[in-house]
């Protein structure tokens with residue numbers, strides 16, 4: 001792997017890259033409040049350049065002011081004073097590691113939320129709203145406004161080049177303004193910017209001609225383009241290829257290929273059930289028809305998958321979005337032949353959930369977006385061999401052990417199970433969730449490399465046991481236990497806990513009619529495992545929506561799978577009792593009691609903190625810290641974040 005074609009120099013248009021790995025543009029939300037690049041975002045890019053990525057593409061910069069310009073609340077702009085100077089600082093820091101830096105430019109058009117644009121109505125080529133519940137009715141751009149935005153793109157590109165950026169990328173994918181001009185479904189104009197294909201491409205042509213006129217030699221101009229929309233009535237692959245060939249004639253150097261709009265946003269975010277390389281068929285068809293180098297994300301999680309895509313002629317450059325968030329050292333580790341040390345993205349989509357309301361965060365990487373505060377220079381290596389005992393080998397416990405060991409503490413990690421992983425193991429059973437096991441390999445390798453002593457099949461329940469280890473500090477990370485409410489009939493031998501059925505080696509029922517009570521993501525994943533084993537599943541929840549509040553892309557994906565198995569859903573049903581092969585519920589919408597037949601009942605009613613060992617630990621050590629689910633947090637992202645904070649500040 002380390003001597004493969006992935007790590008040889010390659011050309012992406014005029015850019016010579018040291019390897020074939022890039023980070024794509026992502027809405028990370030790290031810019032300063034004045035819409036300028038600040039230390040937080042620069043340090044984020046720098047960490048990935050240091051981690052070996054050959055090409056870093058920025059988050060999208062706005063190109064105008066006062067024309068409903070922004071797509072997310074925390075977004076940089078090239079149209080505000082000081083943008084070029086701040087960008088120059090980022091370029092210098094990234095170039096220090098031999099990486100190239102490309103600046104993406106965007107106008108959102110009809111997909112701009114008015115709430116973050118001072119209440120202004122979104123603008124579009126035509127007054128046609130995107131077919132998505134989150135999109136508003138736009139007004140049609142005037143001809144003069146179109147030309148103002150064209151100038152905004154050109155002026156922004158010049159600032160980027162003058163700041164030393166290696167290239168400029170126009171965001172023409174995902175349903176934003178450039179897409180809206182070239183896609184016939186969104187452009188019904190009757191002036192020179194609408195009608196024929198050439199007229200619909202005029203907006204892009206004017207931008208490209210203006211940028212090419214001022215582009216320095218050796219710099220690139222690229223487009224993020226939809227090859228296809230992947231929904232009925234959307235742009236087809238044939239239309240995407242037509243656009244691609246036109247872009248080639250306009251002088252674009254390479255294409256950053258993508259798909260989807262706000263109609264089917266999950267196609268652009270690739271939830272866990274999608275397989276690695278799931279875009280390959282249409283990417284390859286586009287690449288064979290358009291004679292330009294192609295970069296794209298393609299749900300790649302492992303170096304071996306990246307290598308196959310290059311060898312098969314699918315991609316020239318592999319863009320790693322969420323994997324670069326989870327592990328900025330992905331490329332360096334792969335280049336060293338240490339793929340097992342990579343913290344592989346588990347496709348939980350926590351980053352997507354977080355960046356819709358603020359800065360992006362990651363379940364596996366608590367330092368994401370905080371690289372300017374937590375790094376090799378700021379870590380205090382003052383452990384001096386003092387003993388730290390971590391109880392619990394789930395994500396929180398492993399993270400705490402890793403950080404404490406990096407600080408120089410002697411760390412012992414104790415778990416009552418026969419393998420590390422905790423809740424990660426349970427989360428690895430549904431379709432596509434095998435990615436979780438790859439992440440576990442990264443944790444295990446880090447623990448081994450740092451010399452952490454791991455004791456499995458071991459319990460600490462007495463103060464004397466912890467005293468015998470002579471700890472400086474104890475970190476309790478025992479996670480949580482499933483809720484088993486005192487409801488009549490739940491102590492019967494036909495009642496199971498979803499958590500137990502998702503454990504390694506669990507014996508699954510087959511050919512049974514199962515009432516699965518509780519429809520969070522754990523419940524949905526358990527339903528899939530049971531349905532695949534040949535059972536008939538009916539899911540019940542007391543709320544008015546299945547998996548309410550769960551990550552939408554992953555929820556939609558797994559419910560699509562459950563639909564193929566014929567899984568049924570009943571909401572607003574509150575469990576009352578189990579008796580005589582029947583399950584009794586209160587129908588909360590009518591107040592009536594209803595009874596359904598079931599051979600087996602499976603409970604997935606959430607979890608509660610597991611703090612059974614706390615009293616003994618506190619009696620055996622005066623420094624005891626709780627992290628993860630045993631504090632009541634409940635999510636992997638919260639477990640690793642709390643563990644990092646405790647271990648960093650011991």
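Going through (1) touching a residue at least 24 places away in the same chain (Cβ under 8 Å); (2) under 25 Å from the mean Cα position of the chain (by Cα) one by one, residue 597 falls short only on (2). Tell me whether the stretch 369-387 contains one or more residues that are touching a helix residue (DSSP H, G or I) at 6+ places or on another chain (Cβ under 7 Å), assigned to a helix (DSSP H, G or I) and within 21 Å of residue 324 (Cβ to Cβ). No: zero hits. Say whether the condition of being touching a residue at least 12 places away in the same chain (Cβ under 8 Å), in a loop (DSSP other than H, G, I, E, B) and touching a helix residue (DSSP H, G or I) at 6+ places or on another chain (Cβ under 9 Å) is met by at least one residue in the stretch 566-586. Yes, the stretch 566-586 contains at least one residue that is touching a residue at least 12 places away in the same chain (Cβ under 8 Å), in a loop (DSSP other than H, G, I, E, B) and touching a helix residue (DSSP H, G or I) at 6+ places or on another chain (Cβ under 9 Å).
None of 332, 384 is closer than 19 Å to residue 445 by Cβ and surrounded by fewer than 24 Cβ atoms within 10 Å (Cβ to Cβ) except 332.
One residue is enough: does the stretch 144-163 have a residue meeting the conditions more than 27 Å from residue 82 (Cα to Cα) and in contact (Cβ under 8 Å) with a residue 12 or more places away in the chain? Checking the stretch 144-163: not a single residue is more than 27 Å from residue 82 (Cα to Cα) and in contact (Cβ under 8 Å) with a residue 12 or more places away in the chain.
Exactly one residue among 578, 517 is touching a strand residue (DSSP E or B) at 6+ places or on another chain (Cβ under 7 Å) and within 26 Å of residue 425 (Cβ to Cβ), and that residue is 517.
Yes/no per residue for (1) surrounded by fewer than 19 Cβ atoms within 10 Å (Cβ to Cβ); (2) under 24 Å from residue 577 (Cα atoms):
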site: 426; (1), (2): no, no
site: 439; (1), (2): no, no
site: 451; (1), (2): yes, no
site: 480; (1), (2): no, no
site: 489; (1), (2): yes, yes
site: 500; (1), (2): yes, yes
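Taking first residues from the stretch 67-92 that are on the phi > 0 side of the Ramachandran plot and partners that are modelled with pLDDT under 95 and surrounded by fewer than 22 Cβ atoms within 10 Å (Cβ to Cβ), the Cβ contacts under 8 Å between residues at least 6 apart in sequence or on separate chains come to 82/34. Say whether the condition of being free of Cβ contacts under 8 Å to residues at least 60 places away in the same chain, in contact with a strand residue (DSSP E or B) (Cβ under 8 Å, 6 or more places away or on another chain), surrounded by fewer than 24 Cβ atoms within 10 Å (Cβ to Cβ) and not in a loop (DSSP other than H, G, I, E, B) is met by at least one residue in the stretch 398-406. Yes, the conditions are met somewhere in the stretch 398-406.
Each row is one residue, and each column tells you yes or no for (1) crowded, with 19+ Cβ neighbours inside 10 Å; (2) under 16 Å from residue 543 (Cα atoms).
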{"site": "571", "(1), (2)": "no, yes"}
{"site": "575", "(1), (2)": "yes, yes"}
{"site": "580", "(1), (2)": "no, no"}
{"site": "586", "(1), (2)": "no, yes"}
{"site": "596", "(1), (2)": "no, no"}
{"site": "599", "(1), (2)": "no, no"}
{"site": "608", "(1), (2)": "no, no"}
{"site": "613", "(1), (2)": "yes, no"}
{"site": "625", "(1), (2)": "yes, no"}
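Selection of the stretch 365-381 for residues being buried (at least 16 other Cβ atoms within 10 Å of the Cβ) and more than 11 Å from residue 644 (Cβ to Cβ) yields 369, 371, 372. When the test is whether a residue is in contact with a strand residue (DSSP E or B) (Cβ under 8 Å, 6 or more places away or on another chain), within 19 Å of residue 70 (Cβ to Cβ), in contact (Cβ under 8 Å) with a residue 12 or more places away in the chain and in a loop (DSSP other than H, G, I, E, B), residue 121 passes it.
Does residue 482 qualify as being in contact with a helix residue (DSSP H, G or I) (Cβ under 8 Å, 6 or more places away or on another chain) and over 30 Å from residue 616 (Cβ atoms)? Considered against the rule, which asks whether it is in contact with a helix residue (DSSP H, G or I) (Cβ under 8 Å, 6 or more places away or on another chain) and over 30 Å from residue 616 (Cβ atoms), residue 482 comes out as no. Within the stretch 270-282, the set of residues being crowded, with 22+ Cβ neighbours inside 10 Å, touching a residue at least 24 places away in the same chain (Cβ under 8 Å) and under 16 Å from residue 256 (Cβ atoms) comprises 270 only.
Within the stretch 108-138, which residues are buried (at least 16 other Cβ atoms within 10 Å of the Cβ), under 24 Å from the mean Cα position of the chain (by Cα) and farther than 16 Å from residue 180 by Cβ? Result: 116, single match.
State yes or no: is residue 493 under 30 Å from residue 384 (Cα atoms) and exposed (fewer than 14 other Cβ atoms within 10 Å of the Cβ)? Break it down stepwise before answering.
Numbers: under 30 Å from residue 384 (Cα atoms): no; exposed (fewer than 14 other Cβ atoms within 10 Å of the Cβ): yes.
It is false that residue 493 is under 30 Å from residue 384 (Cα atoms) and exposed (fewer than 14 other Cβ atoms within 10 Å of the Cβ).
Looking only at residues of the stretch 71-107 that are part of a loop (DSSP other than H, G, I, E, B) and within 21 Å of the chain's Cα centre (by Cα), we find that the one that is surrounded by the fewest Cβ atoms within 10 Å (Cβ to Cβ) is 73.
Looking at (1) assigned by TED's automatic domain parsing to the domain that holds residue 637; (2) at pLDDT below 90; (3) in contact with a strand residue (DSSP E or B) (Cβ under 7 Å, 6 or more places away or on another chain), can you tell me which one residue 452 breaks? Here residue 452 meets the rest and fails (2).
The single condition among (1) surrounded by fewer than 19 Cβ atoms within 10 Å (Cβ to Cβ); (2) touching a strand residue (DSSP E or B) at 6+ places or on another chain (Cβ under 9 Å); (3) outside the structural domain of residue 134 (by TED's automatic domain parsing) that residue 291 does not satisfy is (2).
Of the helices (runs of 4 or more DSSP H) lying entirely inside the stretch 141-244, those containing at least 2 residues that are more than 23 Å from residue 127 (Cβ to Cβ) are 143-162, 202-214.
Which one of 170, 230, 177, 221 is under 21 Å from residue 128 (Cβ atoms) and crowded, with 24+ Cβ neighbours inside 10 Å?
On the way: 170 fails: under 21 Å from residue 128 (Cβ atoms); 230 fails: crowded, with 24+ Cβ neighbours inside 10 Å; 221 fails: under 21 Å from residue 128 (Cβ atoms).
Exactly one residue qualifies, and that residue is 177.
Residues in the stretch 34-65 that are surrounded by fewer than 24 Cβ atoms within 10 Å (Cβ to Cβ), touching a residue at least 40 places away in the same chain (Cβ under 8 Å) and in a loop (DSSP other than H, G, I, E, B): 7 in all.
The values are calculated or read from the model by the stated rules, or taken from the named source; none is laboratory data. Here the structure is a predicted model, which is why all the values come from computation and not from measurement. Neighbour counts run over all protein chains shown; Cβ positions are idealised from the backbone, glycine included.
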